[in-house]
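These notes concern the structure reproduced below.
Where a number appears in this text, it was derived from the coordinates with a stated rule and is not lab data. All values reported here derive from a predicted model rather than from experimental measurement. Here the Cβ positions follow ideal geometry from the backbone for every residue, glycine too, while neighbour counts run over all protein chains shown.
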Amino acid sequence: MGTPAAPATPATPVIDVHTHVVPKGWPDLSAACGGSDWPWLRVDSEREAMIMIGESEFRPVGAECWDARTRLDDMAKDGVDLQVVSPTPVFFSYERPAGQAVKMARIFNDLTLECVADGGDRLISFCQVPLQDPDAACAELDRCLAAGHAGVEIGNHVGDRDLDDAGVVTFLQHCAQVGAPVFVHPWDMPASPRLDRWMARWLTGMPAETHLSVLALILGGVLDRVPESLRLCFAHGGGSFPFWLGRADNAWHRRGDIVRGRSEHPPSHYMNRFFVDSVVFDPAALRLLVDVCGEDQVVLGSDYPYPLGERPAGQVIRAADHLTGSQRTKLLSGNALRFLDRPLYDPSHK
């Protein structure tokens, strides 16, 4: 069952920056947005449903995805004080015409605010944007921030365009300007018969996708161009990137004619420019993450409520005997407060 969740104290609140939402009901998206083959929700009972893509089952979901009370009950069991609630990537719609994606984003962003409303100040909503159209993405972010969202979740690529694409960089620069934190989540993994077994697209494709996008952010020169005030966080411990940082540095120095791209410095120079979450499931992996990324750049994430997530949330951080008390506090909440740009949270007020 893992290590029991330790109760939070006012000195050590617990903040989970990586959770997802699926609203229980949304309109017929073909009628509301145009186009066809949109996701739809097959409601099987009051507390159970299935995300459908056409006639194919994509993912079973339960009340914890849309019901704030269920979510708060699970947070109490896990000793979590605040959750960042982000979209489920299947709804990003980057492959669609921008006009359709704008309508989709507006529908789901408004529904997300409804889902978190009953959570008071303990549920912090992040929006989605039509990232394939930078101007529309910036406009939707601004609308969402004004409506009550605290930040934005984006996918790690838009088709063949990675995080160093000019349009994506324009959006990231806008996020820095308006002070919106950005959570980067892998999605749309490569398809291959070799990856159809054992959930291999999730077990290998997701880490590789995030690794590639961190490289694009660095070697594409993005971190040399965007303000240092931009607050980025990568899901799933930064994928496989932290384990291979030494390889990337070695290649930058030895094959700079190919590898350096537009970056002014080797990859290790930029490790203080982005956060990674702690969903690595093993104390040894967490030790590597802290050693490579730095104790100030790792935040608690669980991937709640999906089955490949960590429950109880934060159990590896709590159980890792290599962390000092100060480091544990940073990972449980201090770093997340910096990512969110929020003052210290007192759990006694919940």
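Screening the chain for whole DSSP H helices of 24 Å or more along their axis (Cα) with average Kyte-Doolittle hydropathy at least -1.0 returns 98-117. Placing +1 on each Lys and Arg Cβ and -1 on each Asp and Glu Cβ, with no other charges, gives the chain a dipole about its Cα centre of roughly 600 debye. Name the shape class, rounded, prolate or oblate, that the alpha-carbon gyration tensor gives for the chain, where a ≥ b ≥ c are the square roots of its eigenvalues, rounded holds for a/c under 1.5, and otherwise prolate holds if a/b is larger than b/c and oblate otherwise. It is rounded, given that a/c, with a ≥ b ≥ c, falls under 1.5. With 0.36 nm allotted per residue and the present C-alpha distance subtracted, the Arg197-Asp296 stretch has 32.0 nm of extension available.
Peptides 196-202, 291-297, ordered by how many other C-beta atoms sit within 10 Å of their residues on average, highest first, read 291-297, 196-202. For Thr204 and Ala146, a Förster radius of 30 Å and the Cβ-Cβ distance give a FRET efficiency of 0.15, rounded to the nearest 0.05.
Note: relative contact order over the chain, using C-alpha pairs below 8 Å and six or more positions apart, is 19 percent. Between the beta carbons of His253 and Asp282, assuming R0 = 35 Å, the FRET efficiency works out to 0.70 to the nearest 0.05. Under the rule a/c < 1.5 gives rounded, and otherwise a/b versus b/c splits prolate from oblate, where does the range 18-62 land using the Cα gyration tensor? Prolate, because a/c is 1.5 or more and a/b exceeds b/c. Here the gap between Leu344 and Arg47, fully extended at 0.36 nm per residue and compared with their Cα-Cα distance, gives a gain of 103.5 nm.
A DSSP coil position with no more than 13 other Cβ atoms inside 10 Å describes the following GluC sites (Glu not before Pro) in the range 16-73: Glu46, Glu55. Length available on full extension from Arg161 to Asp73: 0.36 nm per residue minus the Cα-Cα distance, which gives 27.7 nm.
Packing, as the average of other Cβ atoms within 10 Å across residues, places the peptides 27-36, 119-128 in the order 119-128, 27-36, highest first.
When shorter helices are ignored and each DSSP H run of at least 4 residues is given -39500 (n - 2.57), the per-residue value for the chain at 222 nm works out to -10000 deg cm²/dmol.
Each peptide in 205-214, 262-271, 318-327, 98-107 was scored by the mean count of other Cβ atoms within 10 Å over its residues; highest first, the order is 205-214, 98-107, 262-271, 318-327.
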